[in-house]
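First up is the structure itself, then whatever we jot down about it.
The values are calculated or read from the model by the stated rules, or taken from the named source; none is laboratory data. What you see is a predicted model; the values in this text were computed from it and never measured. All Cβ positions, even for glycine, are placed from backbone atoms using ideal geometry, and neighbour counts span all protein chains on display. For the accessible areas, the whole protein counts, side chains as well, though only heavy atoms, and no ligand, DNA or RNA atoms are used. Shrake-Rupley method; radii C 1.70, N 1.55, O 1.52, S 1.80 Å.
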Amino acid sequence: SDFLTAFSAISSTSNQRETATEPLDIVLVDGLGYWNLNMRLGHAPYLRSLMNDSVNQRPIATCMPSTTVAAMASFGTGTCPGLTGMTGYTQLNPDNGEICQLISFKNAPAPLKLQQQPTIFERLAEQDVRVTSSGLPKFAFSALTQAALRGSDYISNDDPRRRIMTAAKAANTPGLTY
């Protein structure tokens, strides 16, 4: 995937690790797709300025189905929903044959039992690359985080400004900030 390719320079095991000295920041806004952003560019001056670049004037691709669960697992592992076992918002629980809901993992298998692919965060951390996530406390140990985004140093805070400051501080050192 493009996501995995973006990390290839940071996570390279070759002797060419020059880019590992550079920080990489990723900001994910769930539900903020290309068309939604284009309709509201007046509210996002920085993102509007980025849209002037020709490489940003087309939608990016996502997985199918493009639900939060499937996309977060694909984003977090660099693979597809078929490999992560997280194929949508709801799906059949293979353990009991009933429908489970994967946003909160209601009636679902344990996160590590369902999604067994290594995450990109885990793969980077194994190579001693700093990986920091800044988010809400309720997501720090959530089942979705355990399944799709495990492996980072998760720093939580309820205050949006402090979350941004935490991410900005982490981004001053080489590695990945999410």
Requested in this report: Please tell me if Gln146 is out of contact with any Pro (no Cβ under 7 Å at 6 or more places or on another chain), polar (S, T, N, Q) and either farther than 17 Å from Val29 by Cβ or in a loop (DSSP other than H, G, I, E, B) (or both).
Outcome: no
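Of the residues Pro118, Pro23, which single one is closer than 30 Å to Asn172 by Cα, of a type outside the set (Lys, Arg) and at pLDDT 95 or above? Steps first, please.
Working: Pro23 fails: at pLDDT 95 or above.
Going through Pro118, Pro23 in turn, the sole match is Pro118.
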Report task. For residues that are within 30 Å of Asp159 (Cβ to Cβ), part of a loop (DSSP other than H, G, I, E, B) and open to solvent by 20 Å² or more (accessible area, probe 1.4 Å), tally how many sit in region 90-104. Result -> 2
Query raised in the report: If you go through region 149-171, how many residues are surrounded by fewer than 19 Cβ atoms within 10 Å (Cβ to Cβ) and either part of a helix (DSSP H, G or I) or polar (S, T, N, Q) (or both)?
Result: 10
Query - When residues of region 120-133 are limited to those that are among the polar types (S, T, N, Q) and open to solvent by less than 30 Å² (accessible area, probe 1.4 Å), the one nearest to Ile103 (Cα to Cα) - result: Ser133
Report summary line: Reported set for region 55-89 where residues are assigned to a helix (DSSP H, G or I) and open to solvent by 40 Å² or more (accessible area, probe 1.4 Å) is Val55, Asn56, Thr68, Gly82, Leu83
Requested in this report: Identify, from the list Gln101, Gln117, Gln91, the residue that is more than 19 Å from Phe139 (Cα to Cα) and within 20 Å of the chain's Cα centre (by Cα).
Outcome: Gln117
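Within region 121-137, track down each residue that is in contact (Cβ under 8 Å) with a residue 40 or more places away in the chain, among the aliphatic types (A, V, I, L, M) and part of a helix (DSSP H, G or I). Spell out how you get there, then give the answer.
Restricting attention to region 121-137, the residues satisfying the condition of being in contact (Cβ under 8 Å) with a residue 40 or more places away in the chain are 121, 123-124, 127, 129-134.
Now drop any that are not among the aliphatic types (A, V, I, L, M), which leaves 124, 129, 131.
Once the filter is applied, which keeps residues that are in contact (Cβ under 8 Å) with a residue 40 or more places away in the chain, among the aliphatic types (A, V, I, L, M) and part of a helix (DSSP H, G or I), region 121-137 yields only Leu124.
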Query - Selected residue [among the small types (Gly, Ala, Ser), modelled with pLDDT of 90 or more and touching a Phe, Trp or Tyr at 6+ places or on another chain (Cβ under 7 Å)] from Gly88, Gly78, Gly82, Gly97 - result: Gly78
